Amino acid sequence: METATIDNKVKQVISNIRNLPTPPIVFHQIQKVISDPNSSAANVAAVLAEDPAMSVKVLKLTNSAFYGLAREIESVKHAVMIIGMEAIKNLVLSASVLDMFKNEKLDQEVQEEFWRHSLATAFCGRLLAKRLKARGMVDPDTAFSSGLLHDVGKLIISCFLPEENAKLQEARAEDKISPDYIIEERVLGFNHAQIGGFLATQWKLPKRLGDSIAYHHNPQVSEDELPIAYLVHLGDYIARKTFISTLNEEIVCELGEGVVDYLQITEEDEMKFVALLREEYVKAETFMQMAGMSAAP
């Protein structure tokens, strides 16, 4: 099926969903303020002050093991000054997404499995962004958000497309080896990455972030071969390798074509990142609490 036809099909599927979750107004306000070169920490703090619940979440994440700061930060303005505007924007996005799907009626085990893997990919993306510079710099906080959102299309299918989801479950029962996106393409004619990419456009997220979601299974076909799409792909792979899912342990997981050469990594590097991710993942607890569940992988 041609790309334009797939895009139209995905667009139609998404536009037919009622009550589709959207990020809170504060996220778009923060994005607008941060994109203004004349903005200050006080401007960002003023926007967050309009949403006290979000302010509490941002402070909670800033003071969590995720940043490992030496002393407690007591104000949003101080948090902006310490961790930076881009980091705050990504924390607001992360907290928003964890919150948006919290009340959707999903099997608890499936939901926990989803968030654990998404967070493991996010943490791994952040690690990779800090250490892999072969193809230029990728902001670690943006890599984290991209990793957290990379499979959001799966949530859309599970929560809002019951008929399509039922067909996928039937197909999965017969094929326990193929990756999810292959089964989705076979059964639906599109995959969760394409849904996630389109959703990012709907949510007016930065294009680079949306593209990294859309191309996380095939970064080599992304526009300009985006480094962040490769990082998310590798983060997804290492997260699966590190924490083998009890729900999907038979699924074949392998790196896409050209990823090893593009990122200039070795098998030894992969094993180092597996070890680092195990250490880093203990910092996921605060994020999991926001999604309403426990952190243990």
Scan (1) over 24 Å from the mean Cα position of the chain (by Cα); (2) part of a helix (DSSP H, G or I); (3) more than 30 Å from Val187 (Cβ to Cβ) for the single condition Val33 breaks and write down its number.
(1)
Filtering the stretch 92-111 for residues that are crowded, with 20+ Cβ neighbours inside 10 Å and at pLDDT below 85 leaves a count of 1
Every residue in the stretch 214-234 that is over 14 Å from the mean Cα position of the chain (by Cα), assigned to a loop (DSSP other than H, G, I, E, B) and at pLDDT 90 or above, please.
Asn218
For Leu61, all conditions in the list (1) under 22 Å from Val187 (Cβ atoms); (2) within 19 Å of the chain's Cα centre (by Cα); (3) among the aliphatic types (A, V, I, L, M) hold save one; what is the number of the exception?
(1)
Enumerate the helices (runs of 4 or more DSSP H) found wholly within the stretch 244-297, keeping only those where 2 or more residues are loosely packed, with under 15 Cβ neighbours inside 10 Å and at pLDDT 90 or above.
267-280
Among the helices (runs of 4 or more DSSP H) lying completely within the stretch 152-213, list those that include at least 2 residues that are within 23 Å of Leu119 (Cα to Cα) and not β-branched (Val, Ile, Thr).
152-160, 180-188, 192-202
Could you check Ser94 against (1) of a type in the set (Ser, Thr, Tyr); (2) outside the structural domain of Ala45 (by TED's automatic domain parsing); (3) in contact (Cβ under 8 Å) with a residue 12 or more places away in the chain and say which number it fails?
(2)
What do you reckon, is Val10 in contact with a helix residue (DSSP H, G or I) (Cβ under 9 Å, 6 or more places away or on another chain), in the same structural domain as His192 (by TED's automatic domain parsing) and among the β-branched types (Val, Ile, Thr)?
yes
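The values are calculated or read from the model by the stated rules, or taken from the named source; none is laboratory data. All of these numbers come straight from a predicted model, not from anything done at the bench. For neighbour counting, all protein chains shown are included, and Cβ atoms are generated from backbone atoms with ideal geometry for every residue, glycine included.
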